[in-house]
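Asks: Please find one structure pasted underneath; my questions will follow.
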Amino acid sequence: MDNDPDAPSARTPACAAGGHDAEGTAAEEDPNVIDVRLMLATKAGDIGAFEALVSRHQHAVVGTVAKMLGNPSDAEDIAQQVFVRVWKSAKRYEPQAKFTTWLFTITRNLVFNESRRRSRKKEVSAEDREENFHQTLVSERHAEPDSAVLQNELEAAVDAAIQELPEKQRLAVVLRRYEDMPYEEIGVILGLSLSAVKSLLFRARGQLKESLERYLDA
């Protein structure tokens with residue numbers, strides 16, 4: 001992890017320092033206008049503006065990282081690296097695209113690097129993951145009511161199916177399904193055309209449908 005002594009902590013709650021009240025006018029302003037204003041203030045060295053950006057987007061970044069890596073326990077550390085990168089890159093920031101596009105492009109780079117590192121390391125085999133998955137479900141069946149077990153089983157199955165997708169398909173599905181991101185923005189983040197994004201998601205949904213067939217037919 002990149003520990004920069006000059007970078008503010010990405011875990012720090014938002015602060016309205018420097019007159020940046022992120023919620024005071026948020027109801028009437030385009031969220032991207034607020035983000036760009038805060039990022040330009042961050043570029044000028046305003047730590048309060050940076051903390052407000054972290055507060056606005058930390059949940060989405062952590063959630064995306066967790067879905068991509070399939071390991072929520074590591075998501076906060078990777079998300080912190082994302083915001084450290086935002087801070088370090090602030091001087092070069094230019095508002096040429098939506099702030100979230102820029103932010104999730106940084107997230108993409110760090111998550112893809114981490115995914116590839118883990119793939120090379122192969123700490124846990126596919127067989128071990130499958131065995132752990134089934135053991136968890138067996139334990140839950142003994143510990144919880146049937147409806148809760150089925151819901152947990154379905155959520156675990158969806159997460160496992162997403163993990164089996166190639167990384168670009170996986171990120172496209174996560175951004176579309178959980179962040180409700182438009183196709184055009186996903187395309188910029190992944191460096192793909194609009195038609196390529198739609199094709200990518202079509203293939204991903206087909207694979208997910210196949211993986212989750214027994215739940216869909218239930």
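Asks: If you check Arg205 against the conditions, is it on the phi < 0 side of the Ramachandran plot, loosely packed, with under 11 Cβ neighbours inside 10 Å, at pLDDT 70 or above and assigned to a helix (DSSP H, G or I)?
Replies: In short, no.
Asks: Identify the residue in the stretch 1-24 that is within 15 Å of Trp87 (Cβ to Cβ) and buried (at least 17 other Cβ atoms within 10 Å of the Cβ) and, among all such residues, is modelled with the lowest pLDDT.
Replies: So the residue we want is Ala14.
Asks: If the requirement is being modelled with pLDDT of 95 or more, in a helix (DSSP H, G or I) and of a type in the set (Lys, Arg), which of these qualifies: Lys67, Lys91?
Replies: Among Lys67, Lys91, only Lys91 is modelled with pLDDT of 95 or more, in a helix (DSSP H, G or I) and of a type in the set (Lys, Arg).
Asks: What's the total number of residues in the stretch 76-105 that are surrounded by fewer than 17 Cβ atoms within 10 Å (Cβ to Cβ) and under 16 Å from Arg176 (Cα atoms)?
Replies: 1
Asks: Separate question: Filter the stretch 25-75 down to the residues that are farther than 20 Å from Ile189 by Cβ, charged (D, E, K, R) and surrounded by 16 or more Cβ atoms within 10 Å (Cβ to Cβ) and list them by number.
Replies: Across the stretch 25-75, the qualifying residues are Arg37, Lys43, Asp46, Glu51.
Asks: Filter the stretch 173-202 for residues that are at pLDDT 95 or above, surrounded by fewer than 15 Cβ atoms within 10 Å (Cβ to Cβ) and of a type outside the set (D, E, K, R); which is nearest to Arg108 (Cα to Cα)?
Replies: Gly191
The values are calculated or read from the model by the stated rules, or taken from the named source; none is laboratory data. Nothing here was measured: the structure is a model prediction, and the numbers come from that model. Ideal geometry is used to build each Cβ from the backbone, glycine not excepted, and the neighbour counts take in all protein chains shown.
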